[in-house]
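Please read the structure below before turning to the comments.
The values are calculated or read from the model by the stated rules, or taken from the named source; none is laboratory data. Bear in mind the structure is a predicted one, so any value in this text is a computation, not a measurement. Positions of Cβ are generated from backbone atoms using ideal geometry, with glycine treated the same way; all protein chains shown enter the neighbour counts. Accessible surface is based on the protein model in full, side chains and every heavy atom, while ligands, DNA and RNA are left aside. Shrake-Rupley method; radii C 1.70, N 1.55, O 1.52, S 1.80 Å.
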Amino acid sequence: MSVVSLTPNNVTRPLARVHSPTCPSHDAHEAHEAQPDAATCASSAGHIVATHRCQVLTHHAVNARYRYLRLQADAPVALTTRPGQFYQLKCPVTENEAPFLLRPMSVYGTGPEPDTIEFLYNVTGVGTRALATLTGGASLDIVGPLGNTFTLDTSWQRVMVVARGVGLATMAPLVQRAAAAGLRLTVVMSARSEADLMRDEFLRSPEARALADVHCVFDSDGSSAVEALEPRIRTLLAAAPHDAVYTCGSHRLLMLLQRVLAGHPEITGEVAMEQRMACGMGVCLSCVRLFDCDGDKQFLRVCREGPVFAIRDVVGEVDFG
């Protein structure tokens, strides 16, 4: 394992309450703008970023689209990784695939052992096709933890999670944290078809299943269409007070929630953004998105200032004129 020391301003976030910055300033990161090695960088969330050599413990298909990967790292990564954060994975070079860049992947789970970490992914391209060839006992290098985390106040009463496809992997640790704190959960799950839905894989624990009010919608029957889903979410928010709404990945769900939350200024809204990225540490600027920070338009890096942002701050369409 290769690591770097933190700057004095970086502090570890408490487990009970996790905060994410809203439209943070680039000034806080000026000390890290030099070209870093992947193993010598401190993340914006205030913890050490390291390259970890891992061993594959379990790797199998969940269904026809998604795969589950469990790794044992050379450090207690479960103790330093927070909900919403991600790692860069060095996918293997195979006879048929030669991935060049590391692949960003959200953390699906950690523990119970302090050195174990889990990922849930969709095989879609060169990197994930190569990753899918790994068998038990194989080695894999990962870099992280990277990025910031979700806001979760354990004094809240109920939160809503709107998940689609493999985006549920990003929010699965958040669901477990909320359930452990006794928060009620309104869960809206969207998938192409019932065969793609991973309800058990999302809720995971008996506590989460007991606290969750689950609503499933599908492309196959039209129930996931925006015109059908938007009034359903509005009805759910009106039926019971919610303290926060979270989503991940899907742009149409993000824009839907932005419209809905305009009528609920009292509700915290956060999204874990998915974006193509090369370095994962804020240097290459390949993952910038436009945000409206109290009327000030800013391009922010999803890997560095995010990936978690306030839903209300995301600019949906960019006109470069």
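Only one of Arg289, Arg304 is within 26 Å of Gly144 (Cβ to Cβ), part of a loop (DSSP other than H, G, I, E, B) and outside the structural domain of Gln85 (by the TED database). Can you tell me which? Step through it out loud before you land on a result.
Values: Arg289 fails: part of a loop (DSSP other than H, G, I, E, B).
So the residue among Arg289, Arg304 that is within 26 Å of Gly144 (Cβ to Cβ), part of a loop (DSSP other than H, G, I, E, B) and outside the structural domain of Gln85 (by the TED database) is Arg304.
Kindly indicate whether any position in the stretch 139-150 is outside any strand (DSSP E or B) and open to solvent by 10 Å² or more (accessible area, probe 1.4 Å). If you could, list the steps in order and put the result at the bottom.
The initial filter retains those residues of the stretch 139-150 that are outside any strand (DSSP E or B), namely 147-150.
Pick out the ones that are also open to solvent by 10 Å² or more (accessible area, probe 1.4 Å) and you get none.
Scanning the stretch 139-150, I find no residue that is outside any strand (DSSP E or B) and open to solvent by 10 Å² or more (accessible area, probe 1.4 Å), so the answer is no.
Select, from Ala73, Ala64, the only residue that is crowded, with 23+ Cβ neighbours inside 10 Å and either small (Gly, Ala, Ser) or at positive phi (or both).
Numbers: Ala64 fails: crowded, with 23+ Cβ neighbours inside 10 Å.
Matching residue, one of Ala73, Ala64: Ala73.
Could you tell me how many of the residues in the stretch 107-138 are surrounded by fewer than 22 Cβ atoms within 10 Å (Cβ to Cβ) and part of a loop (DSSP other than H, G, I, E, B)?
Selection size over the stretch 107-138: 15.
Would a scan of the stretch 86-99 turn up a residue that is of a type in the set (Phe, Trp, Tyr) and modelled with pLDDT under 95?
no
Residues that are at pLDDT 95 or above, charged (D, E, K, R) and assigned to a loop (DSSP other than H, G, I, E, B): does the stretch 177-186 have at least one?
no
Within the stretch 224-247, track down each residue that is touching a residue at least 60 places away in the same chain (Cβ under 8 Å) and over 13 Å from Val188 (Cβ atoms).
Those that are touching a residue at least 60 places away in the same chain (Cβ under 8 Å) and over 13 Å from Val188 (Cβ atoms): Ala240, Pro241, Asp243, Ala244.
Being open to solvent by 10 Å² or more (accessible area, probe 1.4 Å) and either part of a strand (DSSP E or B) or more than 27 Å from Ser224 (Cβ to Cβ) (or both) is the filter here, so list the residues in the stretch 245-264 that pass it. Lay out the reasoning, then the answer.
Restricting attention to the stretch 245-264, the residues satisfying the condition of being open to solvent by 10 Å² or more (accessible area, probe 1.4 Å) are 249-252, 255, 258-259, 262-264.
Residues satisfying the conditions do not exist here.
Going by the structure shown, is Thr124 among the hydroxyl-bearing types (Ser, Thr, Tyr) and free of Cβ contacts under 8 Å to residues at least 12 places away in the same chain?
Values: among the hydroxyl-bearing types (Ser, Thr, Tyr): yes; free of Cβ contacts under 8 Å to residues at least 12 places away in the same chain: yes.
Yes.
Answer yes or no as to whether Ala172 is under 30 Å from Val93 (Cα atoms) and assigned to a helix (DSSP H, G or I).
In short, yes.
Is at least one residue of the stretch 269-287 free of Cβ contacts under 8 Å to residues at least 24 places away in the same chain, open to solvent by less than 30 Å² (accessible area, probe 1.4 Å) and in contact with a strand residue (DSSP E or B) (Cβ under 8 Å, 6 or more places away or on another chain)? Before you say what the answer is, go through the steps one by one.
To start, the set of residues in the stretch 269-287 that are free of Cβ contacts under 8 Å to residues at least 24 places away in the same chain comprises 276, 284-287.
Remaining after also requiring open to solvent by less than 30 Å² (accessible area, probe 1.4 Å): 287.
Within this subset, residues satisfying the condition of being in contact with a strand residue (DSSP E or B) (Cβ under 8 Å, 6 or more places away or on another chain) are 287.
The answer is yes, given that some residue of the stretch 269-287 is free of Cβ contacts under 8 Å to residues at least 24 places away in the same chain, open to solvent by less than 30 Å² (accessible area, probe 1.4 Å) and in contact with a strand residue (DSSP E or B) (Cβ under 8 Å, 6 or more places away or on another chain).
Conditions (1) under 26 Å from Gln275 (Cα atoms); (2) aliphatic (A, V, I, L, M); (3) open to solvent by less than 10 Å² (accessible area, probe 1.4 Å), marked per residue:
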position: Arg158; (1), (2), (3): no, no, no
position: Leu168; (1), (2), (3): yes, yes, yes
position: Leu174; (1), (2), (3): yes, yes, yes
position: Ala181; (1), (2), (3): no, yes, no
position: Val188; (1), (2), (3): yes, yes, yes
position: Arg192; (1), (2), (3): yes, no, no
position: Pro206; (1), (2), (3): no, no, no
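I'd like to know if the stretch 97-113 contains one or more residues that are of a type in the set (Val, Ile, Thr) and free of Cβ contacts under 8 Å to residues at least 40 places away in the same chain. Lay out the reasoning, then the answer.
Start the filter on the stretch 97-113 by keeping residues that are of a type in the set (Val, Ile, Thr), which leaves 107, 110.
Next, from what is left, pick out any that are free of Cβ contacts under 8 Å to residues at least 40 places away in the same chain: none.
There is no residue in the stretch 97-113 that is of a type in the set (Val, Ile, Thr) and free of Cβ contacts under 8 Å to residues at least 40 places away in the same chain.
Criterion first (open to solvent by 30 Å² or more (accessible area, probe 1.4 Å), more than 15 Å from Gln88 (Cα to Cα) and either part of a strand (DSSP E or B) or in contact with a Leu (Cβ under 7 Å, 6 or more places away or on another chain) (or both)) does Pro104 satisfy it?
Numbers: open to solvent by 30 Å² or more (accessible area, probe 1.4 Å): yes; more than 15 Å from Gln88 (Cα to Cα): no; either part of a strand (DSSP E or B) or in contact with a Leu (Cβ under 7 Å, 6 or more places away or on another chain) (or both): yes.
The answer is no for Pro104.
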